[in-house]
Amino acid sequence: MKPNRSSTPALFQMFNWIADPLSYLSNNAKLHGDIIEAQFINFPPFILIGNPQMVQEVFNADIKLFDIGKGNKIMQPLLGEYSVIMQEGEQHQKQRKLMVPAFHGDRMRGYGKLICDIAISVFSENLNAGVLPVRPLMQEITLRVILEAVFGISDQIEDSEKRTRYHELKRLLTLVLEGLSSPLKVSFLFFPFLQKDIGTWSPWGQFLERSRQIDKLIFAEIQSRRDEPEQVSQNRTDILSMLMATKDEAGESLSNVELRDDLMTLLVAGHETTASALSWAFYWVHHQPEVLDKLGKELAELGENPDPNAVFQLPYLTAVCNETLRIYPVGMLTFPRVVRSPMQIMGYDFEAGTFLAPCIYIIHNREDIYPEPHKFRPERFLERQFSPYEFFPFGGGSRRCLGNIFAQFEMKLVLATILTKFKLTLVNNSPIKPVRRGLTIAPSDHLSIKISLI
Ligand code: HEM
């Protein structure tokens, strides 16, 4: 059996997917059911899976059945060929194992105070500053947090060389990601023929030049630690120190290029997504005052300066974050799983090379799982449990998001800290549209607030 597919020409499907991805997904699901073959130019058959049972089979399948790095080639110019995201099979598992300790319990507890301090400082700097777009504000918080978690550097650091490096990295990362922020700007990732370096006035040339400058800064930071080995000690809690100190079973440590690609992956994956998720959370909480009210009561019960772990476990706050990630999941699809040799799942035949993409957005908006799916209703997460194939904003199986606990910790702590210390007013309470931002979706720039003290 073959999945249903649209008769719309591949080029139009591609434009539609780039320009208005959520309408593309929901229209196809309405017309063609929950297992759909999309056709995009430059791509092999691309199956959008909106069926939880098939998602379960894909997540739980033997990892040898799929290539995944191959399906992520679109991200290679940004993250590099040694990024964990680009690896396959055993190499992927080995590299992932090196990174996992950075996100374990003890380390997370260490990040708690850092996250709260950064959130307060960003909001205090913008207090009474008039109308402010929400996303850049959130991005400032999540970028400062990830730079400090990854490199252990901030604008407080005494070493002036490191401080300059920190400011430059922050500026360049923002510029590179801004350069991919709209459907038009991101097109060169989808159409490799646009990847022509004809000087820094061209989008691709500018992207390459900025990436080169970022590389230089990251390599300089790595070198400074190689020159002063005491910087790579067990006492340092940043992720770069940890990665430089780790050795695999053969006693090998990561090379400079491998380190660069993994750091870049954490920097990019670790702040864009969380900034968008947080922007949505602030929107929903203020768009529906009854949610703010309930959340306020729950937070008040913890008293002043609560323990970050107690905040992490609050049931209503958890439901608010889950509902935020359900209704507009920042990643609309998981990474595609590329079929290695012809296979059958649930009676459907897939040839080698086919991309199988569990579609988070379609499943999170299924009426049979989530009644009235377009309503923001956190209570649904208190009334029943959803399986990891019905609710999976962080993907699943061997590729499940490495930073998922970090992201949820950050979302909850930023929300709790800001809502108990500041008063936010939405500038315009009309519904906000989700728009493409790179390979993800985010609230449109119309989402703005005013900040004052409570
Ligand atoms: C709300 C925030 C976030 C969302 C919605 C999100 C979502 C995702 C999704 C959907 C995947 C693909 C999983 C799959 O294909 O099964 C993924 C992978 C990944 N994410 Fe996240 N993510 C978030 C935050 C973070 C953070 C904070 C970090 C790191 C600090 C991070 C690092 C990664 C990495 C390294 C991978 C690749 C894992 C692998 O290939 O094994 N993400 N994320």
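The values are calculated or read from the model by the stated rules, or taken from the named source; none is laboratory data. Everything numeric here is computed off the predicted structure, so don't read it as measured data. When we count neighbours, we look across all protein chains shown, and the Cβ atoms used for this are built from the backbone with ideal geometry, even at glycine. Heavy atoms of the whole protein, side chains included, go into the accessibility calculation; ligands, DNA and RNA do not. Shrake-Rupley method; radii C 1.70, N 1.55, O 1.52, S 1.80 Å.
Within the range 101-136, being modelled with pLDDT of 90 or more, within 16 Å of the ligand (Cβ to nearest atom) and among the hydrophobic types (A, V, I, L, M, F, W, C) holds for LEU114, ILE115, ILE118, ALA119, VAL134.
Put simply, of GLN53, GLN76 the only residue that is at pLDDT below 95 and either assigned to a helix (DSSP H, G or I) or among the hydroxyl-bearing types (Ser, Thr, Tyr) (or both) is GLN76. Hey, any hits in the range 370-385 for a residue that's open to solvent by 60 Å² or more (accessible area, probe 1.4 Å) and touching a helix residue (DSSP H, G or I) at 6+ places or on another chain (Cβ under 6 Å)? Checked the range 370-385: at least one residue is open to solvent by 60 Å² or more (accessible area, probe 1.4 Å) and touching a helix residue (DSSP H, G or I) at 6+ places or on another chain (Cβ under 6 Å). Taking the conditions exactly as written (within 17 Å of the chain's Cα centre (by Cα), over 23 Å from GLU37 (Cα atoms) and surrounded by 12 or more Cβ atoms within 10 Å (Cβ to Cβ)), does GLY396 satisfy them or not? Answer is no for this residue. For the range 103-158, the tally of residues that are open to solvent by less than 50 Å² (accessible area, probe 1.4 Å), small (Gly, Ala, Ser) and either assigned to a loop (DSSP other than H, G, I, E, B) or in contact with a Ser or Thr (Cβ under 8 Å, 6 or more places away or on another chain) (or both) stands at 4.
Selection of the range 339-364 for residues being open to solvent by 10 Å² or more (accessible area, probe 1.4 Å), within 16 Å of the ligand (Cβ to nearest atom) and in contact with a Lys or Arg (Cβ under 8 Å, 6 or more places away or on another chain) yields only PHE355. Hey, does the range 74-86 have a residue that's over 19 Å from the mean Cα position of the chain (by Cα), away from the ligand (no atom under 12 Å from the Cβ) and without any contact (Cβ under 8 Å) to a residue 60 or more places away in the chain? For the range 74-86, residues over 19 Å from the mean Cα position of the chain (by Cα), away from the ligand (no atom under 12 Å from the Cβ) and without any contact (Cβ under 8 Å) to a residue 60 or more places away in the chain: absent.
Based on what the data block shows, is GLY71 not charged (D, E, K, R) and not in a helix (DSSP H, G or I)? When the stated conditions are applied, GLY71 does not pass them. Filter the range 248-284 for residues that are buried (at least 19 other Cβ atoms within 10 Å of the Cβ) and polar (S, T, N, Q); which is nearest to GLN76 (Cα to Cα)? Result: THR265.
When you scan the range 285-299, how many residues do you find that are of a type in the set (A, V, I, L, M, F, W, C) and either crowded, with 20+ Cβ neighbours inside 10 Å or without any contact (Cβ under 8 Å) to a residue 12 or more places away in the chain (or both)?
3
Would you say PHE394 is in a loop (DSSP other than H, G, I, E, B), under 30 Å from ILE85 (Cα atoms), among the hydrophobic types (A, V, I, L, M, F, W, C) and within 16 Å of the ligand (Cβ to nearest atom)? So PHE394 passes the test. Selection of helices (runs of 4 or more DSSP H) fully inside the range 180-292 by the criterion of at least 3 residues being of a type in the set (Phe, Trp, Tyr) returns 203-227, 272-287.
If you check ILE49, ILE41, ILE68 for being open to solvent by less than 20 Å² (accessible area, probe 1.4 Å) and farther than 16 Å from ARG400 by Cα, only one passes: ILE49. Among the residues making up the range 2-22, those that are under 21 Å from ARG366 (Cβ atoms) and open to solvent by 40 Å² or more (accessible area, probe 1.4 Å) are ASN4, ARG5, ASP20. Among the residues making up the range 414-448, those that are within 13 Å of the ligand (Cβ to nearest atom) and not hydroxyl-bearing (Ser, Thr, Tyr) are VAL414, LEU415, ARG437, GLY438, LEU439, ILE441, ALA442.
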